[in-house]
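Presented below is the structure to which this report refers.
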Amino acid sequence: TGKKLWLTGVQLEKGTTASDFEHRTYVDELKRCQRYYWQAGTDIGGDYPIAPANTFWSGTRHSVGVITPVPMRNTPAVAATGDGCRIYGQGTNKDITSYTDIGLSGPFVRFVAHTADLGDDSHACTLTNRTNSGLTMSAEL
């Protein structure tokens, strides 16, 4: 008990030949990870804006665009954590029921968020979180 072993500067590799040790900064490692997974709004209170949006299709579909810190490796799956996300517009909040039509262009991820009727189309709105909830994007292998 009380005996500890601390390892640092270790690099594990498959095979019989070792390559030179690769030193990476925390920022470089974080960027590499964010190519596969990124989240927004999960560690703050509720009703904070995450991304701008525009209402179309009779107020039930909302075009959303999110700029990620680094380009994701491929088109991500978009989902919500906790109690989910909302669209705020025309003075009201509506829960998002699904995410469709996901596209990727560099660090820009676009998708359609579906809600109950938020009113007329062609209005600006905002994707917001709920308390301890947020938006995730996963481009896992």
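The values are calculated or read from the model by the stated rules, or taken from the named source; none is laboratory data. Only a predicted model underlies this, so the values are computations on that prediction, with no experimental measurement involved. Note: ideal-geometry Cβ built from the backbone for every residue, glycine included; neighbour counts use all protein chains shown. All accessible areas refer to the heavy atoms of the entire protein, side chains included, with ligands and DNA or RNA removed. Shrake-Rupley method; radii C 1.70, N 1.55, O 1.52, S 1.80 Å.
A few notes on this one:
- For LEU5, the solvent-accessible surface with a 1.4 Å probe is about 140 Å², rounded to the nearest 10.
- GluC sites (Glu not before Pro) within region 5-112, DSSP loop, no more than 13 other Cβ atoms inside 10 Å: GLU13, GLU22
- Taking one quarter of the surface of the convex hull spanned by the alpha-carbon atoms of region 54-136 gives a direction-averaged projected area of 5.3 nm².
- Computed from phi, the 3J(HN,Hα) profile of region 76-85 under the Karplus parametrisation 6.51, -1.76, 1.60 (θ = phi - 60°) reads x, 7, 10, 8, 10, 10, x, 7, x, 10 Hz, with x in place of Gly and Pro.
- Size of charge dipole - the chain - debye, nearest 20, with Cβ of Lys, Arg +1 and Asp, Glu -1, no other charges: 400
- Solvent-accessible area per residue for region 1-89 (1.4 angstrom probe, square angstrom): 73
- Net charge in the neighbourhood of ARG86 (other residues with Cβ under 9 Å of its Cβ; Lys, Arg +1, Asp, Glu -1) is 0.
- Theoretical FRET efficiency, 1/(1+(r/R0)^6), r = Cβ-Cβ of ARG73 and VAL27, R0 22 Å, to 0.05: 0.75
- Probe 1.4 Å - accessible area at THR17, Å² to nearest ten: 110
- Per residue Cα convex hull volume in Å³ - calculated over the chain: 162
- Computed from phi, the 3J(HN,Hα) profile of region 123-140 under the Karplus parametrisation 6.51, -1.76, 1.60 (θ = phi - 60°) reads 10, 6, 8, 9, 7, 10, 9, 10, 3, 6, 10, x, 10, 10, 10, 10, 10, 4 Hz, with x in place of Gly and Pro.
- Neighbourhood net charge (13 Å Cβ-Cβ; Lys/Arg +1, Asp/Glu -1) for GLY106: +3
- Separation of alpha-carbon centers, region 1-71 and region 83-111, rounded to whole Å: 20
- Proximity of backbone amide H atoms, modeled 1.01 Å from N, is registered between ILE96 and CYS85, ARG86, ILE87 at under 5 Å, excluding neighbours fewer than 5 places apart on the same chain.
- Residue-level accessible surface for PHE21, protein heavy atoms, 1.4 Å, Å²: 90
- The Cβ shell under 10 Å around SER63 holds other residues with a net charge of +1, Lys and Arg each +1, Asp and Glu each -1.
- Computed label-point distance, nm, for sites HIS123 and SER105 using a 7 Å Cα→Cβ extension: 2.7
- Carbon/sulfur fraction of accessible area - region 1-138, other protein chains in place, 1.4 Å, %: 51
- Expressed as a whole percent, the proportion of Cα-Cα pairs in region 1-75 lying more than 15 Å apart is 76%.
- Using a cutoff of 8 angstrom between alpha carbon atoms and counting only pairs six or more residues apart, the relative contact order for region 46-99 works out to 20 percent.
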